[in-house]
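Below is one structure, written out as structure tokens; the observations come after it.
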Amino acid sequence: MKEIVDSIGEKRTLSLEKLKTIVDCSDKEEINYLYSTARKTANKYYGNRVYIRGLIEFTNRCKNDCYYCGLRASNKEIHRYCLSEDDIFRCCENGYSLGFRTFVLQGGEDLSISDEDYIRLIQRIKTKFPDCAITLSIGERSRKSYKRLFEAGADRYLLRHETANEVHYRRLHPENMSFKNRMRCISDLKQIGYQTGVGFMVGSPYQTIDNIYQDLCFIRELSPEMVGIGPFIPHKDTPFGEKAQGSLELTLKLISIIRLLLPSVLLPATTALGSIAPNGRERGILAGANVVMPNLSPVERRADYSLYNNKLSVGAESAEGLENLKSRISQLGYSIVSDRGDFIPMDKA
Ligand code: SAM
């Protein structure tokens, strides 16, 4: 397997056969070689720095009905909320004082929030914190809307593609959602100039190894600035409530492969990874991730942003637990930095 790892790193290409060899490998030493090669690759661009992003989950209202997600419109068991502009702004003030220089505004597709509302919010945050980056993660919108929000000051946008295979997409989403539209959104975001993030759930229902290979080819081809992957975790009040959870080991292997394919990509150790194993976040960093996203949302709202069962939002996963997170990360030989943490293009290393 070592030759395969080296060849992915050198040529930055992958074949289905090579992917299968890595996925099937259970030899600890060889897997560690994969992780350490990915780590060295990240170190080349980012040294031992790990970036933090303050995650503000500002609305759990959503018009969509994705079969996997606890926020889906048909879930009548959750208590819906939407933070006010002042509430969101207070989260940013709190985050700034803790050292965050990126705010990630994430939410369901909440039809009660207009472009004008977002523009006012973005401009308010940017005026008060001009040294901070704003990342939006608010789903599918028109090109015109993406452009307006970018012009208002948003820097980055996370929109996971979820799967690069249309047949698989259809098994994860209801009829009225469209694979082509999601892809159109991603291409608009890139063209407009956002630092763009895509990604997928590892082990989502019906996912095959060929699907994963297609996901990796799509990511390699698009060359986004950010990639977010995490294990699928079932949510009890969704149609996928009884499906199996995605694997920690496979997620870690895929983090490493993505690092080798896109050496300078911003790659978070996601909350989902931290939620399925006590040291999941740390293992993500040791597999080549370089970003963590502690939760900055008001503590009393966090339980309501339940994408999946047992989602972490306290301890080292929370902004208040930043000192704890810093010490855990420093034990790995890494250090958390208070920095916008922009993407470094490969030729700027
Ligand atoms: N609505 C926005 C969007 O569609 O991009 C952002 C919010 S959405 C809840 C954020 C991400 O959560 C999704 O892209 C999905 O990959 C992930 N997610 C949802 N349900 C999940 C589950 N059961 N397990 C793991 N990740 C999940």
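Flag: residue 91 matches the condition of being in contact (Cβ under 8 Å) with a residue 60 or more places away in the chain and out of contact with any helix residue (DSSP H, G or I) (no Cβ under 8 Å at 6 or more places or on another chain). For beta carbons closer than 6 Å, sequence separation of 6+ or different chains, a first residue in region 222-233 that is within 10 Å of residue 262 (Cβ to Cβ) and a second that is open to solvent by 10 Å² or more (accessible area, probe 1.4 Å) and in a strand (DSSP E or B), the qualifying pairs are 225/195. The set of residues in region 309-339 that are in a loop (DSSP other than H, G, I, E, B) and within 16 Å of the ligand (Cβ to nearest atom) comprises 309, 310, 311, 312, 313. Residues in region 36-61 that are open to solvent by 30 Å² or more (accessible area, probe 1.4 Å) and farther than 24 Å from residue 132 by Cα: 39, 40, 44, 61. Of the helices (runs of 4 or more DSSP H) contained entirely in region 71-182, those carrying at least 2 residues that are open to solvent by less than 70 Å² (accessible area, probe 1.4 Å) and within 15 Å of the ligand (Cβ to nearest atom) fall at 143-152, 166-172.
Taking residues in region 125-147 that are free of Cβ contacts under 8 Å to residues at least 40 places away in the same chain, and partners anywhere that are assigned to a helix (DSSP H, G or I) and aromatic (Phe, Trp, Tyr), the pairs with Cβ atoms closer than 6 Å and at least 6 places apart or on different chains are 129/96. Looking across region 219-247, the residues that are closer than 21 Å to residue 40 by Cα and not small (Gly, Ala, Ser) come down to 219, 220, 224, 225, 226, 227, 229.
Residue check: is residue 55 assigned to a strand (DSSP E or B) and either away from the ligand (no atom under 12 Å from the Cβ) or of a type in the set (A, V, I, L, M) (or both)? Considered against the rule, which asks whether it is assigned to a strand (DSSP E or B) and either away from the ligand (no atom under 12 Å from the Cβ) or of a type in the set (A, V, I, L, M) (or both), residue 55 comes out as yes.
Across region 199-238, the qualifying residues are those that are more than 8 Å from the ligand (Cβ to nearest atom) and under 20 Å from residue 293 (Cβ atoms), and the one among them that is surrounded by the fewest Cβ atoms within 10 Å (Cβ to Cβ) is 225. Filtered by the rule that a residue be in a loop (DSSP other than H, G, I, E, B) and closer than 15 Å to residue 306 by Cβ, region 59-70 gives 60, 61, 62, 66, 68, 69, 70.
The residues of region 1-18 that are part of a loop (DSSP other than H, G, I, E, B) and open to solvent by 30 Å² or more (accessible area, probe 1.4 Å), listed by number, are 12, 13, 15. Considering the conditions (1) touching a residue at least 24 places away in the same chain (Cβ under 8 Å); (2) open to solvent by 50 Å² or more (accessible area, probe 1.4 Å); (3) of a type in the set (Val, Ile, Thr); (4) outside any loop (DSSP other than H, G, I, E, B), residue 21 is excluded by exactly one of them, (1). Scanning for something in contact (Cβ under 8 Å) with a residue 60 or more places away in the chain and either out of contact with any Asp or Glu (no Cβ under 8 Å at 6 or more places or on another chain) or part of a helix (DSSP H, G or I) (or both), does region 199-209 turn up at least one residue? Within region 199-209, one or more residues are in contact (Cβ under 8 Å) with a residue 60 or more places away in the chain and either out of contact with any Asp or Glu (no Cβ under 8 Å at 6 or more places or on another chain) or part of a helix (DSSP H, G or I) (or both).
The values are calculated or read from the model by the stated rules, or taken from the named source; none is laboratory data. Quantities reported herein were computed from a predicted structural model and do not represent experimental measurements. In this analysis, Cβ positions are derived from the backbone assuming ideal geometry, glycine residues included, and neighbour counts consider all displayed protein chains. Ligands, DNA and RNA are stripped out before the accessible areas are found, and what is left, the full protein with its side chains, is counted by its heavy atoms. Shrake-Rupley method; radii C 1.70, N 1.55, O 1.52, S 1.80 Å.
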